[in-house]
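Read the structure below first, then the notes.
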Amino acid sequence: MTNPLKGARAALLTAAGLALAVGGPALAHHSFSMFDNEHQTKIEGTVTQFEWTNPHVYIQLTVAESGGASRKYTVECANPGILNRVGWKFNVVKPGDKLKLVVAPLRDNPTAGGLLHEMVLPDGRVLSNGGFAGAATVHF
């Protein structure tokens, strides 16, 4: 005689495994509606940290304001795989680099961060975010 609970337990474990395998990556993605792509902004700043990590690369900057004050700014970029395909390398940005960026600012706090559209490196090279954020409409 077969145990009906054994089959039910196996089916439940299989379903749970599939849900984790399929649902995990979907939960990791987020919407980009937090960025205001209609009002792109130019910023210039000095890199304090560069994080070449998945799922997104981040650039931390200190941006000078009028009157001598400065503010911290966090710029989100595509993932390393996408950035590699458009010419980025893990060491393309270093702390101390002075960058010019075009970003889509955060909707709720535009002076705290944004989504990268275009970056001008200290040597004049221009790098995009790999089509990840759309084409920049504001250029330096």
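Derivation of every value follows stated rules applied to the coordinates shown; laboratory data play no part. Everything numeric in this text was worked out from a predicted model, so none of it was measured. Quick reminder, even Gly has a Cβ in these numbers, built from the backbone with ideal geometry, and neighbours come from all protein chains shown.
Starting with the fewest neighbours, write out 72, 100 ranked by other beta-carbon atoms found within 10 Å of each beta-carbon.
Numbers: 72 14, 100 17.
Lowest to highest Cβ neighbour count: 72, 100.
Expected output is a single nm value to one decimal: the length gained when fully extending between residue 32 and residue 64, i.e. 0.36 nm times separation in residues minus the C-alpha distance. What is it?
8.9 nm
If R0 equals 22 Å, the separation of the Cβ atoms of residue 42 and residue 123 corresponds to a calculated FRET efficiency of about 0.75.
Computed over region 41-128, the percent of Cα pairs more than 18 Å apart is 37. Summing charges over all other residues whose Cβ lies under 15 Å from the Cβ of residue 78, with Lys and Arg as +1 and Asp and Glu as -1, gives -1. For the pair residue 86 and residue 74, label points projected 7 Å from Cα toward Cβ lie 2.1 nm apart.
Can you give me the relative contact order of region 41-128 as a percent, contacts being Cα pairs under 8 Å and 6 or more apart? Kindly include the intermediate steps, with their values, before the conclusion.
Numbers: 189 pairs, mean separation 25.7, N = 88.
The value is 29 percent.
Net charge in the neighbourhood of residue 112 (other residues with Cβ under 12 Å of its Cβ; Lys, Arg +1, Asp, Glu -1) is +1. Taking Lys and Arg as +1 and Asp and Glu as -1, the other residues whose beta-carbon sits under 14 Å from that of residue 131 total 0.
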